[in-house]
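Undergrad: Submitted below is the structure of interest, expressed as structure tokens.
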Amino acid sequence: MTARADAAAATGERILDAALAVFWEKPTDHVVLADIADRAGVTVQTVLRRFGNREGLIVAAAERSASTIGAQRNAARVGDIEDIVRVLLDHYEELGPGVLRMLAAEESSPGLRDIIENGRTFHRDWCERCFAPFLADLTPAARTRRVAQLAAICDVYVWKVLRHDNGLTRRQTHTALVDLLDRLTSPAAPPAPEEP
């Protein structure tokens, strides 16, 4: 019984590994279960028995990926802008193109919408945690705005604009992001005005 359960668990992991590899390589709406089954060395029926349908597989793969991404991103040292940007670029250089493809398919997949919204929440919370020393003296309204500004600067689309649309090297992209973040977090930066 234990050997059978172990084999089933290993098969599930192999399918998730294959799904993640395929999802990061192709636009989400072009991914078919046969591609994943072939890569995992199983039949489509095995994938369906294990995950129910394509949406179920997408959700399971995203949940697994989220824990890996969370561990990677949470390695950034709080308050250390150079390290925060280094960790962010490690993440985007590895997974940024796949994230952009997933975002482009957001409207076509209900399961994907929830995953993406969870990712946005994680990103905002991550920015708030990483930049906490620069937020301590702000009023609640100013803090909310500042976290939104930090999340925008650290967004995958800004990485795309700098790195791909404008052709900056990774080092130049690092410098550009640090410069933007330094200006926003500098004690000399004027505080955001209060809303009327």
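The values are calculated or read from the model by the stated rules, or taken from the named source; none is laboratory data. Everything numeric in this text was worked out from a predicted model, so none of it was measured. Quick reminder, even Gly has a Cβ in these numbers, built from the backbone with ideal geometry, and neighbours come from all protein chains shown.
Undergrad: Test of understanding: among 132, 136, which residue is in contact with a Gly (Cβ under 9 Å, 6 or more places away or on another chain) and not acidic (Asp, Glu)?
TA: Exactly one of 132, 136 is in contact with a Gly (Cβ under 9 Å, 6 or more places away or on another chain) and not acidic (Asp, Glu), namely 132.
Undergrad: Here's something else I'd like to know. When you look at residue 180, is it at pLDDT 95 or above, in the same structural domain as residue 85 (by TED's automatic domain parsing), farther than 18 Å from residue 100 by Cα and surrounded by 14 or more Cβ atoms within 10 Å (Cβ to Cβ), yes or no?
TA: Considered against the rule, which asks whether it is at pLDDT 95 or above, in the same structural domain as residue 85 (by TED's automatic domain parsing), farther than 18 Å from residue 100 by Cα and surrounded by 14 or more Cβ atoms within 10 Å (Cβ to Cβ), residue 180 comes out as yes.
Undergrad: Quick check on my filter: what residues within the range 115-129 are touching a residue at least 40 places away in the same chain (Cβ under 8 Å) and out of contact with any Gly (no Cβ under 9 Å at 6 or more places or on another chain)?
TA: 115, 118, 119, 129
Undergrad: Looking at (1) touching a residue at least 60 places away in the same chain (Cβ under 8 Å); (2) over 18 Å from residue 122 (Cα atoms), find the lone condition where residue 84 falls short.
TA: All conditions pass for residue 84, except number (2).
Undergrad: Further, regarding this structure: Being more than 22 Å from residue 83 (Cα to Cα) and of a type outside the set (Val, Ile, Thr) is the filter; apply it to the range 128-142 and report the residue that is surrounded by the fewest Cβ atoms within 10 Å (Cβ to Cβ).
TA: My answer is 140.
Undergrad: Just give me the residues in the range 98-123 being over 11 Å from the mean Cα position of the chain (by Cα) and surrounded by fewer than 16 Cβ atoms within 10 Å (Cβ to Cβ), in sequence order.
TA: Selection gives 104, 106, 107, 108, 110, 113, 114.
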